[in-house]
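Remarks on the structure that follows.
The values are calculated or read from the model by the stated rules, or taken from the named source; none is laboratory data. Please read these numbers as outputs of a predicted model, since none were measured by experiment. Backbone-built Cβ (ideal geometry, glycine too); neighbour counts: all protein chains shown. Ligands, DNA and RNA are excluded from the accessible area calculation, which covers all protein heavy atoms including side chains. Shrake-Rupley method; radii C 1.70, N 1.55, O 1.52, S 1.80 Å.
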Amino acid sequence: MIANGTKQQPTSSAETRSYDPSTLPDYETDFISQADLDSFAQALSAPTTEPLTALNDWGPVHQKVKRNRARRKSPRRSKDETREGFVYTLLYYPLLFFVCGWIVILFFIYNLTRFYIYAYEHVFSWTGRRETLRRRLQQARSYDEWQAAAHELDVYLGNEEWKQSDPYSYYNHQTVRKVTAQLAELHEKAQTEEVGGRDGVGGLTALDELKSLLESCVKNNFVGIENPRLYSETYIGTKQLIQSFVDQVEKCLRTVLNSSRMTDTDKGAFFRHLELNHGRTALCLSGGATFAYYHFGVIKALLEAGQLPEIITGTSGGAVVAALVATRTDEELKQLLIPALAHRIRACHEGFATWMRRWWRTGARFDSIDWAVQCSWFCRGSLTFREAYQRTGRILNVSCVPSDPHSPTILNNHITSPDCVIWSAVLASAAVPGILNPVVLMRKTKDGSLVPYSFGNKWKDGSLRTDIPLKALNLHFNVNFSIVSQVNPHINLFFFSPRGAPGRPVTHRKGRGWRGGFLGSTIETSVKLDLQKYLKILRHLELLPRPMGQDWSEIWLQRFSGTVTIWPKTILSDFWNILTDPSPQRLDRMIDAGERSCWPKIRFISNRMAIERVILQGLRKGGPIDDSHRVPDPVHEQQAQEALLRARRRPNDSISSVDEYHENPATCPPRRQNSILQELTRQASVLWNDHGQTDGEEDVVSTTTDDEADEDETAVDRDVVTRRL
């Protein structure tokens, strides 16, 4: 490693092979056909209506007409959008200049505050033995080395004592301790009955009691055990009680999964109920132009740790990485995620003169056809979302924004747009105004040819409104735990956790203090909230201009974080090379930085994925997870829900709602999110009206680590488990 942050030339034979492009699978293969490119070019150039140029009713239609050279500038806002009034016109520019000027001043103060916090931590905290251990942590070359260094640092700082102590304000340790003990007891009895063959006459079997207890405790953030603060006090791991609980739940779930006393149908119904309560995990890759190549390192770290979720979403530059992951198997990914991949990244290969002429002529730096050729390799040709899902089992999601400013955004996947070609959605998601013109989504027909999708409407960059589409993911796939890899350069500076983040505790007062001291965190939070307020003023008072016809207010005022947020460490040269293809050496550094930023979060992610992985295995026991081909019946579903509610209100009913569910699962409502979504997509056809609106999900300038423990839900879970115990 040299001073400017780039790596030296590789010396070992292993490193030499990692820079050799011939080691990449399908390196010389061009998956896309010329016929597909011709169809795409025809769709881009197709006019909506044929312009008439006749001088009068008797003149020839195609006669050459002399046009006026002075072009009329189209209004930046339509008449319906513009607020009329003398005071608005009089105060528009004074307010705009005042608010923008104050935002600039606040931004300068914020940078000074962050510099003060950085100096405070390194001058007063990282000294002596602590600094030595920290450097060992930063210089680890693998996750195993990092774990050993993190454990040693925790021992030195006294964090191991905190792990052994059960009480903590952010979760209910009494309930966790009781449930863990009862799970262990029932697990031992169930295994004994499995060998002895007890039939359960005269009472419930231990397996039935174990299933009932699992249904009560296998829930999202059960009594606060998934609160990020529980992983923000140490460099690795959490409370030993929570780790024991997760291990015990996983062991009990595997006992139910492997039990010979249940049919596969019963197992599928049981695990489907657990999946609905526990939810799914999704990996969300943000946009950020060439900053998105840091995602390769995050993917590599999760893949090597065996914690890569099946649901992946990407936006803009992140969509390219997500497409590569969703169209390749694990073995192919391990061969692709090396520095030699830089030889296949050729989006910015054109010279200055070429793209400058194009920008002057078309208003876009890059050519859509050329990008389709380059992007198709990452998408493995003209694969559709359904074909990618069938090939790898991964669920790819790509968010796009319509070219008009007020239509809702869409989330393309194998359910909402199964026949949509992936590379067309990736191009649309990366079509930033001024960089790439809006493009047409393409659909693959039964004979393999490509035709325009969604009536030939054009789409553009999803980061403009929904960089992280959490609400749409929850609607489509019941996602309630998100892993966000965030590299957007315009908001990366604002990611700051005053109380620490998972795997990165506060550096002083044994992790119990504030970053930069209470005064530094107070100034940082106050200035950031003030910035947020004035950005909202620009949006709500319609003061912000629309350069290139685009409303840019949402690039600041949306949610960019998740349950776990990973932000790789960038360097200044990344901003200079924001629209430049990386060299193998630069990509090597970015992959390494992405891996290191992910390692502190893996223990938190692994505890979540350990339970989810067993649940998914149980779902596969009872049949395919994806029921997108099942014809929904909303009327029957509503009637079943009402009948279930009436049954719960009758206290003297001989059959409880839980027993009725197990005995006759067909009468119970199926998965809410899939059936409703299927009906909506069938009615809307190719319009993709996303009712789970993802626009401006949450104001984002406040991008600290989220403490998303729902107090009310935790209290309900605690009451249910207490009654069962």
J(HN,Hα) series, the range 294-299, from Karplus relation 6.51 cos²θ - 1.76 cosθ + 1.60, nearest Hz, glycine and proline x:
5, 4, 4, x, 5, 4
Considering only protein heavy atoms and a 1.4 Å probe, what is the carbon-and-sulfur percentage of the accessible area of the range 158-262?
46 percent
With a 1.4 Å probe and every protein chain left in place, tell me how much accessible area E350 has, in Å² to the nearest 10.
50 Å²
Within-15-Å neighbourhood charge of S316 [Cβ basis; K, R +1; D, E -1]
0
Accessible area per residue for the range 158-262 in Å², computed with a 1.4 Å probe and the full protein assembly in place, what is it?
40 Å²
Can you give the extra length, in nm with one decimal, that the chain gains between I369 and T192 once fully stretched, where that is 0.36 nm per residue apart less the Cα-Cα distance?
57.2 nm
Rg/Rg_ref, the range 158-262, where Rg_ref = 2.2 N^0.38 Å and atoms are Cα
1.23
With bins 5 Å wide starting at 0, give me the P(r) of the range 361-475 over every alpha carbon pair, in whole percents.
2, 12, 22, 25, 21, 11, 5, 1, 0
If amide H atoms are built 1.01 Å from N in the plane of the peptide, which residues on other chains or at least 5 residues away come under 5 Å of the amide H of F481?
R280, A282
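Go through I311, I369 and list them by solvent-accessible area, largest first, probe radius 1.4 Å.
Numbers: I311 0, I369 50 Å².
Correct descending sequence by accessible area is I369, I311.
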Residue separation times 0.36 nm, minus the C-alpha to C-alpha distance between S260 and S33: what's the value?
76.6 nm
R443 long-range amide H proximity, modeled H, under 5 Å
V421, V451, Y453
Cβ-based charge dipole, the range 158-262, positive-most Cα from T205, Y171, T192:
Y171
Suppose each label sits 7 Å from its Cα in the direction of the beta carbon; what would the E152-V87 distance come out to in nanometres?
6.8 nm
Heavy-atom accessible surface of the range 468-596: percent carbon and sulfur, 1.4 Å:
63 percent
Could you give the length gained on full extension between R361 and I537, defined as 0.36 nm per residue of separation minus the Cα-Cα distance, in nm?
59.8 nm
Between the modelled labels at Y170 and D447 (7 Å from Cα along Cα→Cβ) the distance in nm is 6.0 nm
Of K163/K211; K189/K267; K219/K251; K178/K239; K471/K533, pairs whose Cα-Cα distance is over 21 Å
K163/K211; K471/K533
Explain nothing, just compute: Karplus ³J(HN,Hα) = 6.51 cos²θ - 1.76 cosθ + 1.60, θ = phi - 60°, for every residue of the range 529-546 in order, whole Hz, x for Gly and Pro.
5, 5, 4, 4, 4, 6, 5, 5, 4, 4, 6, 6, 8, 6, 8, 6, x, 10
Could you calculate the FRET efficiency of S606 with D20 from 1/(1 + (r/R0)^6), where r is the beta carbon distance between them and R0 is 30 Å, rounded to 0.05?
0.35
Note, the range 494-500: 3J(HN,Hα) by Karplus (6.51, -1.76, 1.60, θ = phi - 60°), whole Hz, Gly/Pro = x, goes 8, 6, 8, 10, x, 10, x
